[in-house]
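Notes for the one structure printed next.
The values are calculated or read from the model by the stated rules, or taken from the named source; none is laboratory data. This structure is a prediction, so every number in the text was calculated from the model and none was measured. Positions of Cβ are generated from backbone atoms using ideal geometry, with glycine treated the same way; all protein chains shown enter the neighbour counts. For accessibility, only protein heavy atoms count, side chains too; no ligands or nucleic acids. Shrake-Rupley method; radii C 1.70, N 1.55, O 1.52, S 1.80 Å.
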Amino acid sequence: MNFKVTKATACLLAGVVTLGTVSYGALANPTAGVSSYASNIMTVSAMPTAGVSLAFTNTMMASAENVVLASVQENETPEVAEGQMAEGQMEEAQPAEENPYANIGIAQLEGGLNVRSTPSEEGDVIGQLYNNSCATILGEENGWYLIQSGNVNGYVKADYVSVGNEEVIRAASRRVANVTTETLRVREQPTTESEIVTLVPEGDQLTVVDESIEGWVGVTVTEGTGYVSTEFVSLDTEYVYGETIEEIETRLQKEEEARQAALRAAATSQAATSSNANFNYTAPSGTGASSVVDFASQFVGNPYVYGGTSLTSGADCSGFVMSVYAQFGVGLPHSSYAMRSVGYGVTDMLPGDIVCYSGHVGIYAGNGTIVHAANERYGITYSSVDYMPIIAVRRIF
């Protein structure tokens, strides 16, 4: 829409007033409730020039307002504009709300994406973004993004990064509830009157699947979906970030050292436990991961006990995994959350690997199953490995 706005110019000198006409094109994005022409209104000083009465000044101001209002098109809203004029106030234009995801990029390449020192294939590889890892987009140059992800700062091919896509970003992240109370009660429904589904220890972390109810969040547990009060958890969002070449090399070295240490400990433990006359089950017979599964499977049918670590009298999920691996000389934390950092991460599950879930952990037994201390109802048992979304798979041997 094009229109003319008559701009009143009061040259209150010796009683002379001139009215100039200025043409304007369509003005984009007028402030809500304020027509676009309003920003072009000239302000007339309240102090009259010498020799000109205040009454005359006020008359000219009123005339200027009438001229402007007369030029308003039919599709404008005179009542709003008139109200703004009468008060002598003008609402300032508010900036459009920024997209919180505008500068967030998610790597979309199986096997990972090289981060280079310059925006070119000839640039040195200084790090890596893993598939679905998150990065902040700092700039763009010739089909390359300058990114920051963790401690990695460099260039990646723009073709393999999705930027500003809320759906992709949410899919690549995980909303979590960190347990901040000694024992968290997970309930069937979002009310304190509801039955308790399970208990979760302080320091553990649960995957959030529902934040639609004030004061409560839905989380995934072994028994399915339950609800916890937000009074006893802190909420956070987890992303996967890239690594520098130095960080990758350091991590791989530590993982190999841990693997070798586990093998040595298992060999020592095997000799010690095989001579233990009080041990009622077959002692570990080997140092490989398959031996872990053979040993752990003997305890299927034994009870689940919250906080327990006894393979015979009862253990909870992390207590069971911890106690099994202890027989191989491997010390693990009594926490399903902490077990996500033991050993080293893998994607090709093998028997003996530790499978981590939201608030739960088990041992991969092969053939798509895990052996684990499930809950009070089922005790130590077998379950399908994908009965819950897998968060991490860690390998010790």
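Taking all protein chains into account, the per residue accessible area for the stretch 293-386 stands at 36 Å² (1.4 Å probe).
Would you please state the base-10 log of I(q)/I(0) at q = 0.25, 0.28, 0.32 1/Å for the stretch 95-145, with intensities from the Debye formula using one equal scatterer on every alpha carbon? Here log10 of I(q) over I(0) equals -1.06, -1.21, -1.29. Ranking Tyr357, Tyr130 by solvent-accessible area of protein heavy atoms (1.4 Å probe, all protein chains present), from largest to smallest, gives Tyr130, Tyr357. With the simple spin-label model, which puts each label point 7 Å out from Cα in the Cβ direction, the Arg377 to Asp159 separation comes to 5.1 nm. Considering the stretch 283-354, its Cα convex hull presents a mean projected area of 4.8 nm².
Translational diffusion coefficient of the stretch 172-262 at 25 °C, 0.890 mPa s, Stokes-Einstein with Kirkwood Rh over Cα pairs, in µm²/s as a whole number. Translational diffusion coefficient: 163 µm²/s. Roughly how far apart, in whole Å, are the Cα centres of the stretch 93-144 and the stretch 337-397? If we compute the Cα centre of each part, the gap is 33 Å. The packing ranking of peptides 246-252, 329-335, highest mean first, is 329-335, 246-252, where packing means the average number of other beta carbon atoms within 10 angstrom of each residue. Modelled spin-label separation between Tyr281 and Ser313, with each label point placed 7 Å from Cα along the Cα-to-Cβ direction: 1.5 nm. The relative contact order of the stretch 294-397, computed from alpha carbon pairs under 8 Å that lie at least 6 residues apart in sequence, is 29 percent. Ranking Ala177, Tyr241, Tyr145 by Cα position along the charge dipole of the stretch 111-260, where only Lys, Arg, Asp and Glu carry charges on their C-beta atoms, puts Tyr145 farthest toward the positive end. Hey, with R₀ at 22 Å, roughly what FRET efficiency would Glu247 and Thr347 work out to, going by the Cβ-Cβ distance, to 0.05? Computed FRET efficiency for Glu247 and Thr347: 0.70. Placing a label point 7 Å from the Cα of Glu182 along the Cα-to-Cβ direction, the residues of the stretch 223-237 with a backbone N closer than 19 Å are 229, 231-234.
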